[in-house]
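The values are calculated or read from the model by the stated rules, or taken from the named source; none is laboratory data. From a predicted model like this one, the values you see are computed outputs, not experimental measurements. Virtual Cβ from ideal backbone geometry, glycine too; neighbours counted across all protein chains shown. Remember, those area values only see protein heavy atoms, side chains included, never the ligands or the DNA or RNA. Shrake-Rupley method; radii C 1.70, N 1.55, O 1.52, S 1.80 Å.
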Amino acid sequence: MATVWRSQCAFARFFVGKTGRILNNAADLGIKLTPESISVSTTRSYSNYSHSPLVKKIKEQYDFEIEKNPPEWAYVERLLPLEIIPPVQPKETYPSGWIPPKEEAKDLPYFMPRTKNHELPIYLVITHKGQRKVSMLRKIEGDIWLMNDLIKEHLQKNFNRYIETRVHELGRFIEVKGDFVNSLREWAYSKGF
Amino acid sequence: MSFSLINAIRKLNISTVSQIRLISSGSTDVSNINSHSNSDLNVTQKEWKFPPQFTKPREVWIENLDSIDEKKLGLFELHPLVYAVLPRIDIIHRNVIWQRKFRWVSWAHTKTRAEVHGGGRKPWPQKGLGRARHGSIRSPLWRGGGIVHGPRSGKTHFFMLPFHLRIHGLTSTLSAKFAQDDLHVVRNLELPTEDPEYLAELIEKRNWGPSVLIVDDNDYAPRNITVATENLPHVNIIPFYGLNVYSMLKHDTLIITQTAAERIEEKILQHLHSNTMPQQAKFKLNQV
């Protein structure tokens, strides 16, 4: 039956539309289609999808050669994530208002380095649902007690009242009771940190 | 921490003794150092990628392992952000707890009343005997009955310590070891013999603690030192990427090769100066 089909009206299944061309779904033509009736004829029985002759390995379509360090590599490097946060490029002015640290700050007996993002490590810590505000100066090196005295003096002058501070010598930070972050930043910039 | 405290006290005693010795034989020591400086004492000025700002870099002698008597081969600088931070004992403690816990799976197990054998039948009628009412002899009230809320096996205690606490733990421990004179830098790990007695004598002579952790920058240590340390259970070698707080506290003295000291410093400084958001993100199981 199958041989008759194939020899006499091999393209009959193209007339009946799409169903005739689908493998094993040609019941309306009274014959079961096998892979070989559609494509090349082989005598293997296919138990596996990848053994089907319809499934072919796609050839590499593009020829390429490997090149080390071409001039275009700079454009790729531009897209790669940064290994480290880049150091500051010295400029005349900084339009963002960022203030660079000064060299002479390193001669003081106390020191506060910038964070890795080149910002001052002075923060406002809000706790108790906003009821308690504490300004925190972190990463202090050197004479922390002297720095504490100077901060107190500065705040006393600016706000005309006594302001409580707390020094944590081991943790290298000073806490100032109240929100004095802007004033403390001004003081730190004036010292060159 | 009791380890390091005892160690510190012990080191204090030893240092006073050595000072006395120095005073008594000061002239010879000085001449020794001079003779070395004449021959091959090299003082290297380091090219800092992240120059130390306020705290000065720590200077350390480069020592040798190829003779039992200590020779100073050179002077070396260590970055203060890695080797001279103020040691936070609480962070060191949290690291130790983490290292003990994250690999701990508790296999303690108890059976519930459903799992204890038997107990399906009502032991005696509900009424008429004058006894307490019971439905099963494996009820938790009974001797030999099931356990309520007991440990169930396969309980993991895994968690990850936040990334910067792990970094800070390493720097704290390295700094504490360095401040207590328990960190020594050597040029390389070449030994003249593979005899373990040589190494034991060297450790004894130089007042290195009974237990010694040797850190190299390489997975492959030289043959002599691997053979010598094989039967010394208290002398261990690890590569620099295996350095951890627990092992550093477990051993009294830390011996680091010069290249390993540089690699540790480089890696930690890179983490301290880069964007660490990927490392700080929530730990996912598929990232192992």
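May I ask you to list the residues in the stretch B:85-97 that are more than 10 Å from every other protein chain (Cβ to nearest Cβ) and in contact with a helix residue (DSSP H, G or I) (Cβ under 8 Å, 6 or more places away or on another chain)? Spell out how you get there, then give the answer.
Within the stretch B:85-97, the first condition is being more than 10 Å from every other protein chain (Cβ to nearest Cβ), and the residues that meet it are B:91-97.
Scanning the stretch B:85-97 gives B:I91, B:I92, B:R94, B:N95, B:V96.
Answer yes or no as to whether A:I151 is within 38 Å of the chain's Cα centre (by Cα), among the hydrophobic types (A, V, I, L, M, F, W, C) and at pLDDT 95 or above. Break it down stepwise before answering.
Working: within 38 Å of the chain's Cα centre (by Cα): no; among the hydrophobic types (A, V, I, L, M, F, W, C): yes; at pLDDT 95 or above: yes.
Spelling it out, it is not the case that A:I151 is within 38 Å of the chain's Cα centre (by Cα), among the hydrophobic types (A, V, I, L, M, F, W, C) and at pLDDT 95 or above.
If I filter the stretch A:115-132 for residues that are within 14 Å of chain B (Cβ to nearest Cβ), in contact (Cβ under 8 Å) with a residue 40 or more places away in the chain and either touching a Gly at 6+ places or on another chain (Cβ under 7 Å) or loosely packed, with under 14 Cβ neighbours inside 10 Å (or both), do I get at least one hit?
No, the stretch A:115-132 contains no residue that is within 14 Å of chain B (Cβ to nearest Cβ), in contact (Cβ under 8 Å) with a residue 40 or more places away in the chain and either touching a Gly at 6+ places or on another chain (Cβ under 7 Å) or loosely packed, with under 14 Cβ neighbours inside 10 Å (or both).
Please list, ordered by first then second residue, the pairs with beta carbon atoms under 6 Å, 6 or more apart or interchain, first in the stretch B:139-154 and within 13 Å of B:V116 (Cα to Cα) and surrounded by 13 or more Cβ atoms within 10 Å (Cβ to Cβ), second aliphatic (A, V, I, L, M) and modelled with pLDDT of 95 or more.
B:P140/B:V148; B:G146/B:V116
Can you find a residue that is open to solvent by 70 Å² or more (accessible area, probe 1.4 Å), closer than 30 Å to B:S175 by Cβ, assigned by TED's automatic domain parsing to the domain that holds B:Q53 and of a type in the set (V, I, T) anywhere in the stretch B:89-100?
Yes, the stretch B:89-100 contains a residue that is open to solvent by 70 Å² or more (accessible area, probe 1.4 Å), closer than 30 Å to B:S175 by Cβ, assigned by TED's automatic domain parsing to the domain that holds B:Q53 and of a type in the set (V, I, T).
Determine the pairs where a residue that is more than 10 Å from chain A (Cβ to nearest Cβ), located within the stretch B:269-284, has a partner that is in a helix (DSSP H, G or I) with Cβ atoms under 8 Å apart, the partner being 6 or more residues away or on another chain.
B:Q279/B:F163; B:Q279/B:H271; B:Q280/B:F163; B:Q280/B:H164
For residues that are within 14 Å of chain B (Cβ to nearest Cβ) and under 28 Å from the mean Cα position of the chain (by Cα), scanning just the stretch A:84-114, find the one that is surrounded by the most Cβ atoms within 10 Å (Cβ to Cβ).
We begin by selecting, within the stretch A:84-114, every residue within 14 Å of chain B (Cβ to nearest Cβ); these are A:84-88, A:100-114.
So of that shortlist, the ones also under 28 Å from the mean Cα position of the chain (by Cα) come out as A:84-88, A:100, A:113-114.
Details: A:I84: 15, A:I85: 13, A:P86: 9, A:P87: 10, A:V88: 12, A:P100: 14, A:P113: 20, A:R114: 15.
Looking at the filtered set, the residue picked out is A:P113.
Where in the stretch B:189-260 are there helices (runs of 4 or more DSSP H), lying wholly inside it, with at least 3 residues that are under 26 Å from B:R58 (Cα atoms)? Give the steps one after another, and end with the answer.
On the way: elements: B:196-205, B:223-230, B:245-250.
Ranges flagged: B:196-205, B:245-250.
Taking the stretch B:65-88, which residues are buried (at least 17 other Cβ atoms within 10 Å of the Cβ) and within 21 Å of B:L202 (Cβ to Cβ)?
B:L65, B:K71, B:L73, B:G74, B:F76, listed by residue number.
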